[in-house]
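J.: One structure is given below, represented as structure tokens, and several questions about it will come after.
Derivation of every value follows stated rules applied to the coordinates shown; laboratory data play no part. Keep in mind that what you see is a predicted model, and the values were worked out from it rather than measured. Positions of Cβ are generated from backbone atoms using ideal geometry, with glycine treated the same way; all protein chains shown enter the neighbour counts.
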Number of protein chains: 4
Amino acid sequence: MKKVCLVIGAGAGIGGTVGKRFAADGYHAVLARRSDEAGLQRLVTDIEDAGGSATGCLVNAIEEGAIEDLVANTEANIGPIEVVLFNLGAQIGNRSLEDTSYKAFETGWRLATFALFRVASSVLPAMETRGRGTLLVTSATAAVRGNEGQHSHAAAMGGRRMLCQTLNAEYAPRGVHVAHILIDGAVDAPDTLGKMLGPENFAKLRAARGEAHDGLLVPEHMAETYFHIAHQHRSAWTHELDLRAHSDLAWWNHR
Amino acid sequence: MKKVCLVIGAGAGIGGTVGKRFAADGYHAVLARRSDEAGLQRLVTDIEDAGGSATGCLVNAIEEGAIEDLVANTEANIGPIEVVLFNLGAQIGNRSLEDTSYKAFETGWRLATFALFRVASSVLPAMETRGRGTLLVTSATAAVRGNEGQHSHAAAMGGRRMLCQTLNAEYAPRGVHVAHILIDGAVDAPDTLGKMLGPENFAKLRAARGEAHDGLLVPEHMAETYFHIAHQHRSAWTHELDLRAHSDLAWWNHR
Amino acid sequence: MKKVCLVIGAGAGIGGTVGKRFAADGYHAVLARRSDEAGLQRLVTDIEDAGGSATGCLVNAIEEGAIEDLVANTEANIGPIEVVLFNLGAQIGNRSLEDTSYKAFETGWRLATFALFRVASSVLPAMETRGRGTLLVTSATAAVRGNEGQHSHAAAMGGRRMLCQTLNAEYAPRGVHVAHILIDGAVDAPDTLGKMLGPENFAKLRAARGEAHDGLLVPEHMAETYFHIAHQHRSAWTHELDLRAHSDLAWWNHR
Amino acid sequence: MKKVCLVIGAGAGIGGTVGKRFAADGYHAVLARRSDEAGLQRLVTDIEDAGGSATGCLVNAIEEGAIEDLVANTEANIGPIEVVLFNLGAQIGNRSLEDTSYKAFETGWRLATFALFRVASSVLPAMETRGRGTLLVTSATAAVRGNEGQHSHAAAMGGRRMLCQTLNAEYAPRGVHVAHILIDGAVDAPDTLGKMLGPENFAKLRAARGEAHDGLLVPEHMAETYFHIAHQHRSAWTHELDLRAHSDLAWWNHR
């Protein structure tokens, strides 16, 4: 039986690409995303065309029971989950305090913090029983500093980071690896950055960042590090690391 | 007219004591807490006996509209709020992931993160209009690191800290001071630590920490720093500082 | 006998002004700086004209034995040192790696890290014996993040910060307070910023930062916080805090 | 021609093992250490027996010109340096402030901070010219927090970390990757931990940490991550990551 890699937030950027990377190494990828059935099917087909295996699920993570069912169904019908990638974002762009509704603030938390808690609650006990497993969490600069206009996003991501630390403190000694992967830069991803900027500005940004297509974080290359972290021997685990394009300024630097 | 200092979370420890400190300097203290009307009345009486003025309100901050009404009523009936102390905690002791219910996790966030967002949304725009004001936020070690069993508390406090940074980034240039005060140790407070430990263990801890009563954080002394931070000139503001008893280990240290 | 406040790095900015603040409260200020005897004398005269007492010393801190002699002479001839302010900077402006000589790198360390170690070694054991005392350390953003061109300065300040933590861990339980004060912005100081920018650019910057003279860190206002930290009760000590003008961006923020 | 991987601090633990890992992938390993010619020769022989190639050098890094000559000779006689691992430690165990001599404090800096600056000054400009290269820096928990008794070590490592940030800020945009690898736990290394503890205590510790030999950081497994970091595509570089055994407490956690 194949090992299972469950991706929650499997768009065409980081999520789908990491799923492909694991599938290429023999995992069965379970790809969950909220919408775009055609895009989801393309990911599955790409994986199958490359000789791998995958299952696609449309899931609205914010709904009661949705994450819990996804995990339970995967474990029951596909196999024990070896790796989970939690890849839900909650970036809504910059909004002043007065323009940030209570609802927007709460939605940020539901997607970025509470959904992770639900995933952890659903998956980690089983991993603990098996004495093995990995929870990879994509995170953002907003988890370590709060910029103007980022009220909802930063509060949610700051909660996410501290939650990753508590999960790691509790589960690492039991053989379950929790990693907080801090994406500190723009990702070359049409489904997220592309939609936020619009096609024209996205094309401009890609052009400006260089011919070599390495001035933005490229999901295919990021996926190598996700894969590596998930395969570290438990005598030498990484809990937190950053990723950014060589040409980008680290979040702590000013010019 | 007296300046107003609104304390949200005015128990017998930090909250009430900071309220007294401001009242002693001529502020009208508005003291809000969830329960214990008698304790609240004692705080008000203490302040009045000392020649100051105060108003006590029983408010369940988690209820819809409660914070918003408290702020609106204070501004309308008492006076413009000069200083707010946000002092709600969300420590529920150590609970394993499996023993942390979704409800407990959400309550942590409602009290420690969302309530602060509601306070900020209610108070800061008026302060901005006046070009002055201070938001003091009591915070905890869990805002900077997540220990085992602290899932709800650390996620909520991590969100609180990042929210303080976004509020500061947005409001400091407009003349409103936001300070994140990291309480890194046990506070000599009967209403919180005392209740968590029970009277016997609390008495033992106090005894063990020394005759001089300075082995725990003493609210009267902490209040001096809260007061100082609120009165820094805007050319030299502190956004974050820690407080601990001299005999305590800083959170980053190990023995 | 008056309590003694020793300032190492007593220019016309932070150092001299903090010295004046302590003198105004009844301390005898011992003001040490490397050069400008006339400027030093002005500080002493200002303090005496205001009814306080002070001693000025020209000391090249980098010289072997200079700090040690200053401390020993102060303790022997003036009185037990209650407070030391270590205020030596090592900012040499931005220099690329190739333009940073080994000598410049070493000088940064000698001034910003090793001199603090020498001060601590000279002063703290006597404070420990007395069971009381305070070491205030002025620090800079470069202690928490390294920007391009800051090789010497950031390495020296990063060492300074970690040294402050080790000193605090060792001496706080013995009654000696060590505080790391992170100055995160430009200080309105003719002796440092003024010299670095030149008179014309300094005047321009001051003008640009506003009529109210509160767009730069103003030493007179900063001194209030230095004074407060030195007088915190030992049940509620601060080890680290930041200071910046309200209009300045915190080091972790980007616009 | 083979790519060159230069290891400065090539003992039997991390340094030598990372050298072997790169040699196994086709790099020529240049292994430099201060002493134990026999141990060095064993490393070279091991690599050659496995079909790789290596050169061993006894170098006292603290001596004037030693690092500079090592780099120059390697570039001139062996080939362009693709990867440098800076692996010098400066841990001298816990010593109180009074037991830390000026000499010990300075030696810590010379080994842990200044030697890295010398390596960077010697290697990075050539890498910049080639538009590629990697500087891997082994670091320690003392780079992020200063414990009691760690005056020399923490000051030196704090300097090391900030220096890594300045080097990264300056060289990453030019195509040179600088990574700060925070080793947050005990390494199963006879040359360092083994010598510090003595053979008997080292054997006890190894036994206590478990049969699976995964309760300590195992250099063979750590080397996989060093290798991975050096081979990240420049669109997705990591600057800082931690490594610890699954059973170890992260530095920020308390039990």
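J.: With N set to the residue count of the stretch D:39-177, report its C-alpha Rg divided by 2.2 N^0.38 Å to two decimal places. Before the final figure, lay out the partial values.
T.: On the way: Rg = 16.6 Å, N = 139, 2.2 N^0.38 = 14.3 Å.
Ratio of Cα Rg to 2.2 N^0.38 Å: 1.16.
J.: Next up: Give the distance, in whole Å, between the Cα centre of the stretch C:112-174 and the Cα centre of the stretch D:53-121.
T.: Cα centroid of the stretch C:112-174 versus Cα centroid of the stretch D:53-121: 24 Å apart.
J.: Name the most mobile residue of D:198, D:79, D:133, meaning the one with the largest mean-square fluctuation, in a Gaussian network model of chain D with Cα contacts below 10 Å.
T.: Of D:198, D:79, D:133, the Gaussian network model singles out D:198 as fluctuating most.
J.: What nm distance separates the two modelled labels at residue B:25 and residue C:36, each placed 7 Å from Cα along Cα→Cβ?
T.: It works out to 3.2 nm between the two label points.
J.: What lysines sit close enough to residue B:195 to cross-link, taking a C-alpha to C-alpha distance under 24 Å and skipping anything fewer than 8 places away on the same chain?
T.: Result set, ordered by chain and number: B:20, B:103, B:204.
J.: With viscosity set to 0.890 mPa s and temperature to 25 °C, compute the Stokes-Einstein D of the protein assembly as shown, Rh being the Kirkwood radius across alpha carbon pairs; µm²/s, no decimals.
T.: Working: Rh = 29.8 Å.
D, rounded to a whole number, is 82 µm²/s.
J.: Let me ask something else about it. Can you list the copy-to-copy distances for residue A:72, using a point 7 angstrom from Cα toward Cβ, in nanometres, shortest first?
T.: For residue A:72, the inter-copy label distances come out at 4.2, 7.2, 7.8 nm.
J.: With 10 angstrom as the radius, rank A:110, D:160 by how many other C-beta atoms surround their C-beta, starting from the fewest. Let's see the in-between values first.
T.: On the way: A:110 19, D:160 31.
Going from least to most buried by this count: A:110, D:160.
J.: Evaluate peptide B:176-184: per residue, the Cβ atoms of other protein chains within 10 Å of its Cβ; return the mean as an integer. Provide the component values of the computation, followed by the final result.
T.: Working: counts 1, 1, 0, 1, 0, 2, 3, 1, 2.
Average per residue, whole number: 1.
J.: Can you list the distances in nanometres, one decimal and ascending, from the residue A:3 label point to the identical position in each other copy, with the point 7 Å along Cα to Cβ?
T.: Label-point distances to the other copies, shortest first: 2.5, 6.0, 6.2 nm.
J.: Would the stretch C:182-255 count as rounded, prolate or oblate if I go by the C-alpha gyration tensor, calling it rounded below 1.5 in a/c and otherwise prolate when a/b exceeds b/c, oblate otherwise? Write down the numbers at each step before the final one.
T.: Details: a/c = 2.49, a/b = 1.82, b/c = 1.37.
In terms of gyration-tensor shape, prolate.
J.: To continue, here is another question. Give the average over all directions of the projected area of the C-alpha convex hull of the stretch C:4-243, one decimal, in nm².
T.: Details: hull surface 51.9 nm².
Mean projected area of the Cα convex hull: 13.0 nm².
J.: For peptide B:109-117, what's the mean number of Cβ atoms from other chains within 10 Å of each residue's Cβ?
T.: Details: counts 9, 2, 0, 1, 8, 5, 0, 1, 9.
Taking the mean over all residues of the peptide, I get 4.
J.: Can you pull the mean other chain C-beta count within 10 Å for peptide D:119-128?
T.: Mean shielding by partner chains, rounded to a whole number: 2.
J.: So what's the net charge close to residue D:203: Lys and Arg +1, Asp and Glu -1, counting the other residues with Cβ under 12 Å from its Cβ?
T.: Values: positive: D:204, D:206, D:209; negative: D:188, D:200.
Net charge in that neighbourhood comes out at +1.
J.: Using a Gaussian network model of chain A whose springs link C-alpha atoms within less than 10 Å, name the residue from A:183, A:92, A:14 with the highest mean-square fluctuation.
T.: Most flexible of the set in this elastic network: A:92.
J.: Another question, if that's okay. Under the convention of a label 7 Å out along Cα→Cβ, give the distances in nm from residue B:210 to the same position in every other copy, shortest first.
T.: For residue B:210, the other copies' label points sit at 4.0, 4.1, 5.5 nm, shortest first.
J.: Follow-up. Around residue D:27, with a cut-off of 13 angstrom between Cβ atoms, what is the net charge of the other residues, counting Lys and Arg +1 and Asp and Glu -1?
T.: Surrounding charge for residue D:27 is +2.
J.: How large is the Rg to Rh ratio of the stretch B:97-168 when both quantities use alpha carbon positions and Rh follows Kirkwood? Walk me through the numbers before you get to the answer.
T.: Working: Rg = 13.9 Å, Rh = 13.1 Å.
Expressed as Rg/Rh, it is 1.07.
J.: Name the most mobile residue of D:43, D:193, D:163, meaning the one with the largest mean-square fluctuation, in a Gaussian network model of chain D with Cα contacts below 10 Å.
T.: For chain D, modelled as a Gaussian network with Cα springs under 10 Å, the answer is D:193.
J.: For C:31, D:111, C:249, what's the fewest-to-most ordering of other Cβ within 10 Å of each Cβ?
T.: On the way: C:31 29, D:111 23, C:249 18.
Ascending number of Cβ neighbours within 10 Å: C:249, D:111, C:31.
J.: Below 10 angstrom from the Cβ of residue B:13, what's the summed charge of the other residues (Lys, Arg +1; Asp, Glu -1)? Walk me through the intermediate numbers first.
T.: Values: positive: none; negative: B:188, B:191.
Within the 10 Å Cβ shell, the charges total -2.
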